[in-house]
Amino acid sequence: MISQAVRTFLLSFVISSVFCYDINTYNADYGVYVGELSSPESDISGQVFVVNATTLQIFNLTFSPTQQDLYFWLDTKETPTKEGVKAHTYEYGITPLGPFPEDNDRVVVHVPEKNRIDDFKSFSIYSFKTDKNYASLVLPEGLKIPKSVALTTEFSGKRYSLRSGPLYVIDRRTIKVYGFTFEGNKAPKTYFYAGRGASVSYSSGVKVAIRGKDEKEISEISENYRGGKDIILELPENYDIFHIDWISVYCYKYRVNFGSVLVPTDDTLANLPPYVPSFKRNSDEKSMTRGVLKGSAERRNFTFQLGDIEHIKNYNVLLTTRTDKLIAFLLQGNLRSPKYVWHVNSVMTPDLYLMRNVTYNFNVEGGREKMIPEFYNPLYIGDDENGGYNELSENEIEKVTVYSPGPIESNTGPLCLWMHNKDKSANEPDTFLDCDGWPEDVHSFAFTPNETTPSVLYYNSGNNFNMGGRIFIVDELPEDIADSAEVPYNREKWHTLALSRQRADKVNGGKATLAAVFLIILTIMIA
């Protein structure tokens with residue numbers, strides 16, 4: 001077996017040979033080469049390729065972030081400006097960049113939704129707050145973008161109701177099959193099979209994985225596919241669409257081809273996107289379900305407080321959204337993560353179900369101290385999943401609709417933290433609430449969804465990314481979804497930080513807010 005370090009070195013050596021190609025030249029393994037990401041003022045470098053209309057990949061990236069405010073950036077001008085937009089990675093989403101794992105052979109970068117790479121003129125690593133370009137390249141005019149290809153061929157067979165819609169070749173190793181129909185629960189030991197030659201044969205083929213089903217090993221087709229489901233096939237590592245002649249639904253036991261399609265031999269597939277490996281979660285990563293809070297007649301108030309992201313390890317959360325997947329990945333401890341996330345009525349980042357034409361009160365206790373970004377969290381409701389409204393460029397803000405009332409900056413309140421009770425006794429709860437301030441300091445706003453309100457919105461922090469969750473706007477509350485249990489707490493027994501602040505206010509004339517925040521930090525460190 002070749003070690004990952006050796007493989008990365010060999011790939012770097014191979015990639016260096018690409019420099020003999022001109023800018024805007026297609027390479028079947030890597031995509032269209034658009035240049036070197038570099039700057040005379042920094043040691044950042046990397047070779048950038050266009051994978052498809054919405055994806056870039058960077059090889060040999062040398063990048064050691066020295067500050068907290070660097071992003072991959074796309075702009076309609078040849079140099080980056082504040083009017084550009086963030087490009088996101090799996091590792092960091094649209095949050096500021098941190099170091100990438102050393103064993104990564106590439107960094108994959110995605111263009112924002114509703115955009116294409118040829119909408120822009122430059123790609124860079126950029127500081128939004130300081131308006132500084134750390135490394136950039138100008139995208140070539142007339143950019144040749146690799147394209148996926150729809151085939152006219154379909155699966156069709158006389159046995160086990162085999163049929164399908166057309167096949168769509170996404171990239172060199174990935175094929176989508178529309179409307180696949182097959183009685184796999186009746187067929188004996190059948191697999192997708194691909195190989196070379198004029199006809200399908202056992203000796204010249206190899207099993208093909210179904211994405212989402214064959215993550216660890218390829219198993220036989222045992223499901224009854226009824227045509228309402230599209231499936232995605234992934235060819236093995238040493239195969240691609242250019243090195244096979246057919247794809248078959250093949251009975252491995254009796255050596256029978258139930259039905260097959262031929263791969264075009266002309267130049268139909270000449271400019272396919274290269275294959276980009278998808279991120280693989282750890283095998284021991286736990287499956288989890290999000291909490292749920294329904295806006296029933298008994299629950300018209302929702303209180304938003306903060307909780308340490310470490311508490312996620314104690315929850316059972318289903319990875320359904322990009323934020324969920326990011327949080328789960330960050331728990332592996334490799335990359336920068338948000339320190340805190342919203343807890344609503346003591347439940348961590350729950351899904352909220354709110355009824356149309358019903359008024360709800362949102363109470364905000366996420367901190368209002370601008371000097372410490374983690375403790376400054378104005379709450380807002382919008383149609384953007386990632387949040388961080390104050391950290392968006394003008395171009396990005398134009399694409400966001402805010403549904404909470406008033407300026408976002410006005411929706412702040414005192415700081416309340418749900419903390420893990422590490423030294424609890426048998427009769428004490430696992431968590432406790434730590435607050436700086438008084439109940440009368442809490443800021444509240446009303447929210448009344450109506451007939452025109454989108455069916456899915458998000459609650460988020462205006463100052464920090466990936467802290468919130470989803471809001472489902474419904475006509476009737478679902479009966480088949482159970483409410484999460486809330487952790488009871490007594491407002492009259494707030495932690496001594498509030499008393500400390502009161503005493504300090506008397507001594508210092510009400511100018512001890514920052515000191516109270518430092519007390520919170522000290523409490524967190526001790527807890």
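The values are calculated or read from the model by the stated rules, or taken from the named source; none is laboratory data. Quantities reported herein were computed from a predicted structural model and do not represent experimental measurements. Ideal geometry is used to build each Cβ from the backbone, glycine not excepted, and the neighbour counts take in all protein chains shown. To get the accessible areas, we keep the full protein, side chains included, count just its heavy atoms, and leave off ligands, DNA and RNA. Shrake-Rupley method; radii C 1.70, N 1.55, O 1.52, S 1.80 Å.
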(request) Could you work out the Rg to Rh ratio of the stretch 139-230, with Rh taken as the Kirkwood radius (inverse of the mean 1/r over all Cα pairs)? (result) 1.04
(message) Taking loop as defined by DSSP and a crowding limit of 16 other beta carbons within 10 Å, which GluC sites (Glu not before Pro) in the stretch 83-134 fit?
(response) E83, E102, E113
(request) For the stretch 95-163, count all C-alpha to C-alpha pairs, find those more than 21 Å apart, and express that count as a whole percent of the total. (result) 55 percent
(message) Between K399 and E298, how high is the FRET efficiency from 1/(1 + (r/R0)^6) when r is the Cβ-Cβ distance and R₀ = 41 Å? Nearest 0.05.
(response) 0.65
(request) Express in whole angstrom the spacing between the alpha-carbon centres of the stretch 163-178 and the stretch 360-403. (result) 40 Å
(request) Can you tell me the FRET efficiency between E83 and I372 if r is taken as the Cβ-Cβ distance and R0 is 41 Å, rounded to the nearest 0.05? (result) 0.90
(request) For the stretch 253-263, just list the computed ³J(HN,Hα) in residue order, Karplus coefficients 6.51, -1.76 and 1.60, θ = phi - 60°, integers in Hz, with x standing in for Gly and Pro. (result) 6, 10, 6, 10, 8, 6, x, 8, 10, 9, 8
(request) Compute the Cα gyration tensor for the stretch 25-138, then decide on rounded, prolate or oblate, letting a ≥ b ≥ c be the square roots of its eigenvalues: rounded whenever a/c is under 1.5, prolate when a/b is larger than b/c in the other cases, and oblate in all that remain. (result) rounded
(request) Starting from the Cα-Cα distance between S45 and E486, subtract it from 0.36 nm times their residue separation and give me the gain in nm to one decimal. (result) 153.8 nm
(message) Using a 1.4 Å probe on the protein heavy atoms, what percent of the accessible area of the stretch 25-138 belongs to carbon and sulfur?
(response) 47 percent
(message) If the only charges are +1 at each Lys and Arg Cβ and -1 at each Asp and Glu Cβ, what is the size of the charge dipole of the stretch 82-140 around the Cα centre, to the nearest 20 debye?
(response) 300 debye
(request) Mind jotting down the distance between the C-alpha centroids of the stretch 249-279 and the stretch 36-95, whole Å? (result) 34 Å
(request) For M355, tell me the accessible area in Å² from a 1.4 Å probe, rounded to the nearest 10. (result) 40 Å²
(request) Give a quick list of GluC sites (Glu not before Pro) in the stretch 170-263 that DSSP marks as loop, anything other than H, G, I, E or B, with at most 10 other Cβ atoms within 10 Å. (result) E217, E237
(request) Apply the Karplus parameterisation 6.51 cos²θ - 1.76 cosθ + 1.60, with θ equal to phi minus 60°, to every residue of the stretch 116-131 and state each ³J(HN,Hα) to the nearest whole Hz, in sequence, with x for glycine and proline. (result) 10, 4, 7, 7, 10, 10, 9, 10, 8, 9, 9, 9, 5, 6, 9, 6
(message) Leaving out ligands, DNA and RNA, and with a 1.4 Å probe, what % of the accessible surface on the stretch 345-431 is carbon or sulfur?
(response) 47 percent
(request) Would you kindly state how much longer the chain becomes between S156 and E215 on full extension, computed as 0.36 nm times their sequence separation minus their alpha carbon distance, in nm to one decimal? (result) 18.6 nm
(message) Please list R116, R226 from largest to smallest accessible area, probe radius 1.4 Å, with all protein chains kept in place.
(response) R226, R116
